[in-house]
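Chemist: The structure under discussion is supplied below as structure tokens; questions concerning it will follow.
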Amino acid sequence: MTKILVTGAAGFIASSLIDKLLLVNQNLVTGIDNLLTGNKSNLNAATKNSRFTFIKADTNSFDDMSPIMTSHSFDYIFHYAAVVGVQRTLGNPLLVLRDIDGINNILSLAKNTSVKRIFFSSSSEVYGEPVEIPQNEMTTPLNSRLPYAIVKNVGESYLKAYNQEHDLNYTIFRFFNTYGLRQSSDFVLSKFIRNAIRGQDITIYGDGFQTRTFCYIDDNIDATINCLQKNIGVNQVVNIGSDIEIPVIKLAQLVIDITNSSSRIIHLPPLEDGDMRRRCPDNKLMMDILGRPLFNLEQGIRIIIENLTK
């Protein structure tokens, strides 16, 4: 059996990952979450599977993590635990910085156990305001400013350092706006869809011409699991996202059109920080790993709406 640990297990992406991992009969999956931002209901399907174990614990606490790591002898770790959400991370910078403790705990314990590779959820935020488009894993300088982005950057450096000194393998995923049914309303597309269904105003910051790309959850999960199952992406950084840009204001109008909503688009003052004008990955490596076309944005939005309005 293959023993896999997923931290931040009750989160949107991590819980979706767990469901897919459990489709492989040889996988034994342990999920850890302190439920600060995660939703335990995201694990409803997983908890019905005898090959899944949930432990409420804080990754940032060495006392919590030490007995778990030493007693389970994990083969692989997906370290996805983090404080997430733009407003939450901007409003709680010290809480965000504590996530560095979690990264250090995972790595310091993993080097002394049987862990073969650690998969780390980094973020497009590490690029900061882009100096080139698309943003390539190797050529775009990192200019992180926000605490959340800095923590992800530090996490990447920790992984590379542990690989150099302790031969601990890693794969770093830089996520670019993954969306799907379980995503909380802290995030732009999830908020737009829920407000449109209710006929509530859709608010955007500034003029709305800042562009983003959106990656459907199945594309994210399939690419990341392929790295595990096919033993690829070892000691590499991989952008995980679509390369199709859309202005935020056009995204809002698209959601309104699909839902046939009466919602109005309301402009708010621009955010003082954290709202980059453009963000778009060079996703060639991801596409090679995925081995199939990405979900169309409209297709993904329709899937979410159909499930929310059943």
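Taken together, the values in this text are just the output of simple stated rules run on the coordinates, not laboratory data. Note that this is a predicted model, so its numbers are computed, not measured. Heads up, the Cβs are rebuilt from the backbone with ideal geometry, glycines too, and the neighbour counts pull from every protein chain shown.
Chemist: Under 19 Å between alpha carbons, and skipping anything fewer than 8 positions from Lys48 in its own chain: which aspartates and glutamates qualify?
Modeler: The qualifying aspartates and glutamates are Asp19, Asp33.
Chemist: Another one. Packing-wise, with mean Cβ within 10 Å as the measure, how do 283-295, 68-80 rank, highest first?
Modeler: Values: 283-295: 17.2, 68-80: 19.8.
Result, highest mean Cβ count within 10 Å first: 68-80, 283-295.
Chemist: Then there is this: Classify the stretch 1-100 as rounded, prolate or oblate from the Cα gyration tensor: take a ≥ b ≥ c as the square roots of its eigenvalues, call it rounded if a/c is under 1.5, otherwise prolate when a/b beats b/c and oblate if not.
Modeler: Working: a/c = 2.36, a/b = 1.49, b/c = 1.59.
Judged from the Cα gyration tensor, the stretch 1-100 comes out oblate (a/c at least 1.5, b/c at or above a/b).
Chemist: How big is the charge dipole of the stretch 1-105 about its Cα centre, in debye rounded to the nearest 20, if each Lys and Arg gets +1 on its Cβ and each Asp and Glu gets -1 on its Cβ? It would help to have the intermediate numbers written out before the result.
Modeler: Details: 8 positive and 8 negative charges, 72 e Å.
With only Lys, Arg, Asp and Glu charged at Cβ, the dipole is about 340 debye.
Chemist: Now for a separate question. Relative to the longest principal axis of the chain, what angle (0 to 90°, nearest 10) does the C-alpha long axis of helix 248-259 take?
Modeler: Relative to the chain, helix 248-259 is tipped by roughly 80 degrees.
Chemist: Ranked highest first by average number of other Cβ atoms within 10 Å, how do 97-105, 239-247 line up?
Modeler: Details: 97-105: 19.1, 239-247: 21.1.
The peptides rank, most packed first, as 239-247, 97-105.
Chemist: Cut-off under 16 Å on the C-alpha distance; same-chain residues fewer than 8 positions from Lys160 excluded. Which lysines are left, in chain and number order?
Modeler: Cα-Cα hits under 16 Å: Lys111, Lys116, Lys152.
Chemist: Sequence gap at least 6, Cα distance under 8 Å: using those rules, report the relative contact order of the stretch 193-310 to the nearest whole percent.
Modeler: Details: 158 pairs, mean separation 50.6, N = 118.
Worked out over the stretch 193-310, it gives 43 percent.
Chemist: Using +1 at the Cβ of each Lys and Arg and -1 at the Cβ of each Asp and Glu in the chain, identify which of Thr47, Phe74, Phe176 lies farthest towards the dipole's positive end.
Modeler: Positive-most Cα among the choices belongs to Thr47.
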